[in-house]
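Visitor: Mind having a look at this structure? Questions to follow.
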Amino acid sequence: MKIKKLFALLLALTLLTCTFVMPTSAKEETVNENVEIEILSDNVSEETKANIEKYFANGEPAEDDGASTYGVTCTLLGHKLTDPITVVSTIHKVRTTAPRCCQKTYKYEECTRCDYTKSTLLNTKYIACC
């Protein structure tokens, strides 16, 4: 009888722990402090800057999750891309020896009709900045 009570108590503690741990870990946001994003093009709106920072949040372009919200116009006529914006992403302390930081240059374009974005890697180099 004592084994059943002990087992029930352990099961209850496990469920209680999982209940409190899961929601707090789901709320955490990851912010990579080792990434620096620089936009080299002029006349970029604040909304576009925010989109670029979100897109390159980890120093690399965001992975496509497969979901697309193309409008009917883009499906029929194709995307209407903005002028290319040059974005330099610097990821600090990538390597243990000098040069330690990786700098990648991208050409970033976004559709004015839907939320489609496209980035093309232009250049990758290691620099000594840290």
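Visitor: Got at least one residue in the range 68-84 being in contact (Cβ under 8 Å) with a residue 60 or more places away in the chain and surrounded by 11 or more Cβ atoms within 10 Å (Cβ to Cβ)? Before the answer, list the steps.
Guide: First, the residues of the range 68-84 that are in contact (Cβ under 8 Å) with a residue 60 or more places away in the chain: none.
No, that holds for no residue.
Visitor: Looking at (1) at pLDDT 85 or above; (2) exposed (fewer than 13 other Cβ atoms within 10 Å of the Cβ); (3) charged (D, E, K, R), which one does Asp42 not meet, given that it meets all the others?
Guide: (1)
Visitor: If you don't mind, there's one more thing I want to ask. Could you list, in sequence order, the residues of the range 95-109 that are without any contact (Cβ under 8 Å) to a residue 40 or more places away in the chain and not basic (Lys, Arg)? Break it down stepwise before answering.
Guide: Residues of the range 95-109 that are without any contact (Cβ under 8 Å) to a residue 40 or more places away in the chain, as a first pass: 95-101, 103, 105, 107, 109.
Correct list: Thr96, Thr97, Ala98, Pro99, Cys101, Gln103, Thr105, Glu109.
Visitor: Condition check: surrounded by 15 or more Cβ atoms within 10 Å (Cβ to Cβ) and farther than 15 Å from Asn123 by Cα. Does Tyr108 satisfy that?
Guide: Against the criterion (surrounded by 15 or more Cβ atoms within 10 Å (Cβ to Cβ) and farther than 15 Å from Asn123 by Cα), Tyr108 does not qualify.
The values are calculated or read from the model by the stated rules, or taken from the named source; none is laboratory data. Since the structure is predicted, the reported quantities are computational estimates derived from the model, not experimental observations. Glycine gets a Cβ as well: all are built from the backbone with ideal geometry, and neighbour counts include every protein chain shown.
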